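Chemist: Pasting in a structure now, in C-alpha cells, and then I'll have a few things to ask.
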Amino acid sequence: MTRTFTAASPWTDVGRAAAALAAGMGIGRFVYTPVLPLMHAQAGLSAGAGANLATANYAGYLVGALAGTLAPALVRSRTVLRGSLLLLAATLAAMPLTHSTAVWAALRLLAGVASALVFVVAAASLLHHLRDHPAHLPGWAFGGVGAGIALSGLLVLALRSVADWRAAWWAAAALTGVLAAASWRLRPEDAPAATGTGDRPGARTHRWFGALFVSYFLEGVGYIVAGTFLVAAIGQGSPGWLGSGAWVLVGLAAVPSSALWARLGRRWSRPGLLLTALTIQAAGIALPALTGSTAAALASAVLFGATFLGVSTLALATGAHLRFPRSVALLTAGYSVGQILGPPVVAPLLRHGYHQALLLAALLVLAAAVAAAVLRIGFPHHMGGDHTVRVRQRQPAEATRP
C-alpha cells in the first residue's frame, strides 16, 4: 500500500500546487486585467489610476518575493501558505466595498504580497518533493497560473452582461476560496539538511550573466504592460466579449507552456530558445496595436500566453547553469523591479489609448531578445549538467517567478 501511494503522490503534489498557483497568481494577481475595463466604464477609474493600482500590486509582489528569499522559514510554513490564501481572498472581496483609489491601492499591495508568498511556498514544495521526477511535472503545476488566468477570464466574460464590476471581484474572491480549499493540504518544503557547499562562481561568467540580467529585466518591463492592459487594448473598438475571450486564450496557452519549454530546454540551447520565445512574444504584444482584427487579437493572446511563463523558465535555468552566485535571486529582483516600472513608463501614453503602450512594450521585449542574442555569443554550454538541479534544490524560494 505504501508503494502504491508513493507512485500516485507526485500528481497529488502537482494538483495541489497548481490549485495554489491558480489562486495566488492566475486569479489573485491577474484577475485585475479583465476587470480593469469594467472599472474604467462603471467605477470611474481613470487610465492613470489603473496603472497606479497595477504598480501597487507589483510592488507588493516584490516585497513578498524578497520576504520569501530572505526568510526561508516562511517558505516551509503551511501556516504562511494558508494565511496568504485567506488574505488574498479577503483583499479581492474588499475591492467592491469602496471607491477610494488609495484603499484600492492598499488592497492590491496586500494582494501582491500574498500572491508572492503563495507562489514561493508552492514553488518550493514542487521543487523539493518532485526533485527526483521528470522536469515536465513541475512544469504542469506551474501551468496552474495559466489555468487561473483562463478561469478569471471566463468569470468576467460570464458576468459582464448580467452584473457589474463589483460582482466580478466577489466572484473572483469566491473562486480563490475554492482553489484555496483544493490546495489546503499542500506539503511545504521540508527543512534542508545541513550542507557545507555553496554556490561557486563560474569562470568568466559575468559577461553572459550581465546580458541575461538585462534581457530578463527588459522582459519584466515589457511583459507586464501586456499582462496588465492587453484586455483593455483589445476591447477598444471591438465587441465587449473579445477582450475577456482573449484573456481566456492567454491562460489556456499558458497551461502547457512551462512543461513544453522545459522539454525543449533539454534538447536545444537555452539562450537560443530564450531569443525565440522573446521574439514570438514581442510579435504577439504588437499585433493588437497594428491591426484591430479579431484574428489578430486572438493570435496575440495565444502567442503571449505561450511564452511569458516559458521565458521565466528558460531565463532562471540559464542563470543557474552559469553558476553565478545568487543568480536566481538577482534575476528575480531585476524582473520584479521591471514589472514595477512597466505601468509608470507607459502611463503618459495611455491618454491616447493603449495601442502606443503595447507598441512600446513590444519594443522593450525586442530589446530583451537582442540581449538574449548577445548572450548566445560564446555561451558556455558545458559547465556540468547536474548543477542546475543542485541550485534549484538549494534555492527553492527563488524558483521560477512570473
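Chemist: Does S125 satisfy the condition of being over 18 Å from V35 (Cβ atoms), hydroxyl-bearing (S, T, Y), touching an Asp or Glu at 6+ places or on another chain (Cβ under 8 Å) and crowded, with 23+ Cβ neighbours inside 10 Å?
Modeler: yes
Chemist: Then there is this: Looking only at the stretch 270-294, count every residue that is farther than 17 Å from L309 by Cβ and among the hydroxyl-bearing types (S, T, Y) and tell me the total.
Modeler: Total satisfying the criteria: 3.
Chemist: Right, something else. Working carefully through the options L358, L364, find the one that is touching a Pro at 6+ places or on another chain (Cβ under 8 Å), in a helix (DSSP H, G or I) and at pLDDT 90 or above.
Modeler: Going through L358, L364 in turn, just one is touching a Pro at 6+ places or on another chain (Cβ under 8 Å), in a helix (DSSP H, G or I) and at pLDDT 90 or above: L358.
Chemist: Here is a follow-up. Suppose we keep only residues that are of a type in the set (S, T, Y) and surrounded by fewer than 21 Cβ atoms within 10 Å (Cβ to Cβ) within the stretch 262-318. Which one would you say is nearest to L349 (Cα to Cα)?
Modeler: Here the residue is T291.
Chemist: Related question: In the stretch 233-247, which residues are crowded, with 24+ Cβ neighbours inside 10 Å and either within 21 Å of V162 (Cα to Cα) or β-branched (V, I, T) (or both)?
Modeler: Within the stretch 233-247, I234, G235, G243, S244, A246, W247 qualify.
Chemist: Can you name the residue in the stretch 46-61 that is among the hydrophobic types (A, V, I, L, M, F, W, C), at pLDDT 90 or above and surrounded by 21 or more Cβ atoms within 10 Å (Cβ to Cβ) and is also farthest from A124 (Cα to Cα) among such residues?
Modeler: Looking at residues that are among the hydrophobic types (A, V, I, L, M, F, W, C), at pLDDT 90 or above and surrounded by 21 or more Cβ atoms within 10 Å (Cβ to Cβ), I get L53.
Chemist: Checking the conditions here, which among L53, L66, L87, L62 is farther than 30 Å from H352 by Cβ and under 18 Å from the mean Cα position of the chain (by Cα)?
Modeler: L66
Chemist: Mind counting the residues in the stretch 64-83 that are in contact with a Gly (Cβ under 7 Å, 6 or more places away or on another chain) and under 16 Å from R29 (Cβ atoms)?
Modeler: Qualifying residue count, the stretch 64-83: 1.
Chemist: Considering only the stretch 37-94, give the helices (runs of 4 or more DSSP H) lying wholly within it that have at least 1 residues that are closer than 30 Å to G245 by Cα and in contact with a Phe, Trp or Tyr (Cβ under 8 Å, 6 or more places away or on another chain).
Modeler: The helices (runs of 4 or more DSSP H) meeting that bar are 47-70, 78-94.
Chemist: Just give me the residues in the stretch 78-91 being surrounded by 24 or more Cβ atoms within 10 Å (Cβ to Cβ) and more than 30 Å from P10 (Cβ to Cβ), in sequence order.
Modeler: Across the stretch 78-91, the qualifying residue is only T91.
Chemist: Is it the case, given these coordinates, that V374 is touching a helix residue (DSSP H, G or I) at 6+ places or on another chain (Cβ under 7 Å), crowded, with 24+ Cβ neighbours inside 10 Å and part of a helix (DSSP H, G or I)?
Modeler: no
Chemist: Next question. Would it be correct to say that A94 is surrounded by 17 or more Cβ atoms within 10 Å (Cβ to Cβ), of a type outside the set (S, T, Y), out of contact with any Asp or Glu (no Cβ under 6 Å at 6 or more places or on another chain) and free of Cβ contacts under 8 Å to residues at least 40 places away in the same chain?
Modeler: So A94 fits the description; yes.
Chemist: Okay, next question. Report yes if some residue within the stretch 95-116 is in a helix (DSSP H, G or I), among the aliphatic types (A, V, I, L, M), at pLDDT below 90 and closer than 16 Å to A22 by Cα; otherwise report no.
Modeler: Checked against the condition, which is being in a helix (DSSP H, G or I), among the aliphatic types (A, V, I, L, M), at pLDDT below 90 and closer than 16 Å to A22 by Cα, the stretch 95-116 yields at least one hit.
Chemist: Please enumerate the residues belonging to the stretch 225-255 that are at pLDDT below 80 and touching a Pro at 6+ places or on another chain (Cβ under 7 Å).
Modeler: Once the filter is applied, which keeps residues that are at pLDDT below 80 and touching a Pro at 6+ places or on another chain (Cβ under 7 Å), the stretch 225-255 yields G235, G243, S244.
Chemist: Pick from the stretch 183-224 the residues that are over 25 Å from the mean Cα position of the chain (by Cα) and either at pLDDT 80 or above or among the hydroxyl-bearing types (S, T, Y) (or both): which of them is surrounded by the most Cβ atoms within 10 Å (Cβ to Cβ)?
Modeler: Among them, the one singled out is T205.
The values are calculated or read from the model by the stated rules, or taken from the named source; none is laboratory data. What you see is a predicted model, and the numbers here were worked out from it, not measured in a lab. Glycine also receives a Cβ, built like all others from the backbone with ideal geometry; neighbour counts cover every protein chain displayed.
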